[in-house]
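What follows is one structure encoded as structure tokens, with my remarks underneath.
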Amino acid sequence: VQLQASGGGLVQAGGSLRLSCAASGHTFRSYVMGWFRQAPGKEREFAAAISWGGGSTYYADSVKGRFTIYRDNAMNTVYLQMNSLQPEDTAAYYCAASRTARSLVLTASECDFWGQGTQVTVSS
């Protein structure tokens, strides 16, 4: 599976962005999908995950209530709708796919494929 993330950009605090992650291959619907982010000088951290069918989601506390992850298996794409963005959300955002994750509390080590990252910058 190859993943291509897009949709990042510069936005003012309180604004919104929608990230997209397009996957190649016909097995997309078999993967748990997630979004991680990494700010400068910090470790990569989990943001959100979604089950293979899209019926279950899980969020980090830092984004819960503001971000929404969803997927379109017919389009082989997973999205991250980000609302009420704050400067602390500034980071490179990475989509990831896992074949073996046992839950939606997704860790980076469980992810088999990664997108290239898309930069989100939130100005105050």
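Solvent-accessible area assigned to carbon and sulfur over the stretch 1-67 amounts to 47 percent, based on a 1.4 Å probe.
Per residue, the average separation of C-alpha pairs within less than 8 Å and at least 6 apart gives the stretch 47-98 a relative contact order of 25 percent. Could you tell me how far the Cα centroid of the stretch 33-92 sits from the Cα centroid of the stretch 99-124, in Å? Here the answer is 8 Å between Cα centres.
Our estimate of slack between ARG66 and SER103, defined as 0.36 nm per intervening residue step minus the Cα-Cα distance, is 11.2 nm.
Compute, for SER84, the solvent-accessible surface of its heavy atoms (probe 1.4 Å) with the complete set of protein chains present, and express it in square angstrom to the nearest 10. Surface open to solvent at SER84 totals about 60 Å². Counted over the chain, the DSSP beta bridges are approximately 90% antiparallel. Of LEU80, LEU17, LEU10, the residue with the largest accessible area leads and the full order is LEU10, LEU17, LEU80 (1.4 Å probe). Take SER109: with every protein chain present and a 1.4 Å probe, its accessible area is about 110 Å². Heavy-atom accessible area for ASP112, with the other protein chains in place and a 1.4 Å probe, reaches approximately 60 Å².
Sparsely packed loop sites in the stretch 17-59 (the trypsin sites (Lys or Arg not before Pro) outside DSSP H, G, I, E and B with at most 14 other Cβ atoms within 10 Å) comprise LYS42. Under the criterion of Cα pairs below 8 Å and six or more residues apart, the relative contact order for the chain equals 35 percent.
With the convex hull drawn around the C-alpha atoms of the chain, the volume per residue stands at 88 Å³. Each Lys and Arg adds +1 at its Cβ and each Asp and Glu adds -1 at its Cβ; summed about the Cα centre, the stretch 1-121 shows a dipole of about 180 debye.
The values are calculated or read from the model by the stated rules, or taken from the named source; none is laboratory data. Nothing here was measured: the structure is a model prediction, and the numbers come from that model. Every residue, glycine among them, receives a Cβ derived from its backbone with ideal geometry; neighbour counts consider all protein chains shown. Side chains are part of the model used for accessible areas, which takes the heavy atoms of the whole protein and leaves out ligands, DNA and RNA. Shrake-Rupley method; radii C 1.70, N 1.55, O 1.52, S 1.80 Å.
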